[in-house]
Every structure is written in C-alpha cells, then in structure tokens.
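S.K.: Okay, here's the structure, questions in a sec.
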Amino acid sequence: MEFPFSINQLFPERVSILDQTLVAGRKTTGAPHLQANIETVIDELGRASAKAQQLPASITSASKLQSQRHQLYLLKDGESNGGRGVVVGFLKVGYKKLFLLDHQGSHVEAEPLCILDFYIAENLQRYGHGRELFDFMLQHKKLEPVLMAYDRPSPKFLSFLAKHYCLTPSVPQANNFVVFEGFFVNRSVAQLRKVPLKKPDGEIKPYSLMEREVVHQEQRARPWPFAPPHSPLRSVSSQCSHSLSVGSSPSRARPQAAPVSALGRNRDQSPQSPLIERCRERRSSSLNRSHLGLH
Ligand code: COA
C-alpha cells in the first residue's frame with residue numbers, strides 16, 4: 001500500500017506497535033504533519049480491511065485507536081516505492097470481557113486478548129506476511145494463539161489459523177467470537193469464572209459493545225444469549241494439514257529475501273511453543289507425503 005509520503009519516516013521499524021498515542025516508536029510527538037500522516041495510513045488501512053471483509057464500515061480508524069485501549073501492529077516493507085516504503089498490513093488486538101460457552105455449554109466469563117482486525121494488502125497476501133505479523137504479536141504478547149479469542153474471523157483468516165497454528169475446530173459460541181479447542185483447557189481457573197445464567201436484575205447482557213456489533217446491524221436483532229447457534233463459522237473444521245483455503249498453495253513462491261522482523265528473526269525462525277512447532281512439523285510431513293504420493 002503506497003502513500004504520497006515516506007512510510008519509513010513514520011514507521012522506523014519493520015513492525016511498529018501503535019496505541020492510543022499513535023506514536024510508533026518516534027521519540028518526539030511534536031510534528032503535526034507526521035501525526036496527520038499516521039492517521040491517514042491507519043484510516044486507509046481500516047477502510048481497505050473493511051472492504052476486504054465486506055463490512056459496511058471500518059472497524060479500525062485513527063480516531064477509534066485513540067479512544068480505545070487497543071494495539072495495532074503495522075508491518076511495512078521499507079525498501080519498496082523507491083525507498084520510501086510501503087505498508088504491508090496490520091493486526092489489531094485488545095482485551096475484551098466476554099461471556100463464553102465452554103465444552104459443557106456452561107457460561108464462563110473471561111477477558112482474553114482478542115484479534116479484532118487483521119489485514120494484508122491484496123497484492124501481498126499469501127506470501128507469509130500475515131504469519132510474520134501474527135508471530136511478531138504472539139512473541140510480543142508472549143501468548144499462544146489458542147489462548148486468544150477471534151472476533152468474527154473471515155474464512156481466509158480461519159484457513160490461516162488452521163494452516164499455521166492448527167486451530168480447529170472451534171468451541172461453538174453464542175456470540176461473534178470464536179475460540180478454539182484448548183482455550184478452556186490451557187487457561188488457569190483464575191482466568192475463567194463461571195457465571196450464573198440469570199443475574200438478580202435480569203438476564204446476563206452481552207459483553208461490552210463491539211465494533212463489529214455496530215457495523216453488523218443484523219446481529220442486533222438477536223440478543224445474547226438467546227440467539228440460536230447459527231454461524232457458519234461454527235461448523236468450520238479442518239485438519240492442520242488441510243487448510244480451508246480455496247486452492248491451497250503450498251508451492252507458492254515466497255518473497256526472495258526472507259523478511260527480518262523488528263525482533264530480528266525471519267519468518268522461519270520465529271520462536272513458538274512446542275504445540276505450534278508440532279503443528280508445523282505435522283503439516284510439512286503431510287505435505288512431503290502427499291508430494292511423494294503417500295497416504
Ligand atoms: N483464500 C483462502 N485462504 C487464504 C487466502 C485466500 N485468498 N489468503 C490467505 N489465506 C490463508 C490460507 O490458509 C493461506 O495458505 P495457502 O496459501 O497455503 O492456502 C494462508 O492464509 C497464507 O498465510 P500468509 O501468507 O501468512 O497469510 P496472508 O499474508 O495472506 O494474511 C490474511 C492472511 C487473512 C490477513 C489475509 O488473507 C487478508 O488480509 N485477508 C483479507 C482480510 C481478512 O479476511 N482479514 C481477517 C479479519 S477477521
């Protein structure tokens with residue numbers, strides 16, 4: 001994604017972390033034109049993400065980021081566009097208080113880190129940039145993907161999670177969030193609280209108002225927790241070795257130079273939990289077997 005100003009001047013690192021201040025690692029916040037350019041970049045990314053997900057309005061914008069306690073990881077390619085740099089994509093996360101259903105169908109209160117928005121520029125998708133950004137965030141947050149909740153993940157994102165992190169199938173929920181097998185298992189009791197079905201003053205209300213609630217008008221007609229499980233996302237199930245993608249591309253050429261993230265690792269060196277490593281080993285051995293015609 002190109003802009004008529006230098007991306008490298010705004011974002012010195014390959015991955016920048018933006019919060020309410022929109023500072024992106026610069027020492028001084030004083031230059032108003034730089035701040036305005038950062039806002040332009042975030043607004044543009046938010047619009048592109050909404051368009052890609054067919055949302056009627058952006059769930060990410062500079063003003064939203066300034067007013068919410070979210071974090072936005074922005075990935076750039078500093079060498080493109082005549083050395084001015086291009087924006088490759090972004091990932092937005094934040095903590096949300098959620099009422100979730102565990103395997104037994106009991107209501108559980110949790111406040112996990114949630115993936116709220118994720119976008120890689122169209123012409124750069126399926127080159128590993130999404131994984132690089134996601135791995136960076138996991139390392140920064142010292143988290144495993146199974147411990148996170150996912151706000152209405154798109155089919156592409158579900159395919160991404162199945163492919164790279166073996167996250168499948170999900171535990172059915174009565175809201176827009178998706179959590180996966182292991183979310184309840186790997187979490188300490190202290191982080192989860194069973195909640196009664198009724199409060200003295202009435203039924204439990206949905207978790208705090210979400211961005212996607214606002215843009216998805218149709219969801220408002222179904223107050224939680226009475227909405228029947230209906231989301232097509234719930235039935236999503238695949239195995240790590242079989243991504244959900246339309247036309248998997250295991251042999252797709254990757255970028256020639258492996259990008260080095262701001263943490264100084266390339267995408268094949270990212271430190272991961274044994275679980276993720278096992279997932280990736282299973283996937284590559286399965287790919288090798290299928291290339292050899294074995295079953
Ligand atoms: N169709 C289906 N799956 C896709 C896909 C597509 N067009 N693009 C990416 N994926 C999934 C696949 O599992 C793919 O593996 P494959 O190529 O072997 O099938 C895998 O992601 C590729 O991983 P990677 O290259 O690291 O991901 P990426 O850089 O393409 O980023 C997304 C992944 C989801 C961020 C990116 O596709 C995107 O921005 N999509 C549009 C916006 C969106 O849906 N965001 C999710 C918000 S909930």
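S.K.: For region 105-158, which trypsin sites (Lys or Arg not before Pro) pass both filters: DSSP loop (anything but H, G, I, E, B) and at most 13 other C-beta atoms within 10 Å?
M.R.: LYS142
S.K.: Sequence gap at least 6, Cα distance under 8 Å: using those rules, report the relative contact order of region 7-76 to the nearest whole percent.
M.R.: Once normalised by length, the contact order is 45 percent.
S.K.: Determine how large the accessible area of ARG152 is when every protein chain is in place; take a 1.4 Å probe and give Å² rounded to the nearest 10.
M.R.: 50 Å²
S.K.: Per residue and in cubic angstrom, what volume does the convex hull of the Cα atoms of region 80-166 have?
M.R.: It is 110 Å³ per residue.
S.K.: Whole-Hz Karplus ³J(HN,Hα) for region 139-155, in order, using 6.51 cos²θ - 1.76 cosθ + 1.60 and θ = phi - 60°, x for Gly and Pro?
M.R.: Going residue by residue, I get 5, 5, 8, 6, 10, 9, x, 5, 8, 9, 10, 10, 7, 6, x, 6, x Hz, with x marking Gly and Pro.
S.K.: Also: When the Cα centres of region 131-173 and region 31-72 are compared, how far apart do they sit, in Å?
M.R.: When both Cα centres are located, 22 Å separates them.
The values are calculated or read from the model by the stated rules, or taken from the named source; none is laboratory data. Keep in mind the model is a prediction, meaning the values are calculated, not measured. Using ideal geometry, Cβ is built from the backbone for each residue, glycine included, and neighbour counts are taken over all protein chains shown. Side chains included, ligands, DNA and RNA excluded: accessible areas come from the protein's heavy atoms. Shrake-Rupley method; radii C 1.70, N 1.55, O 1.52, S 1.80 Å.
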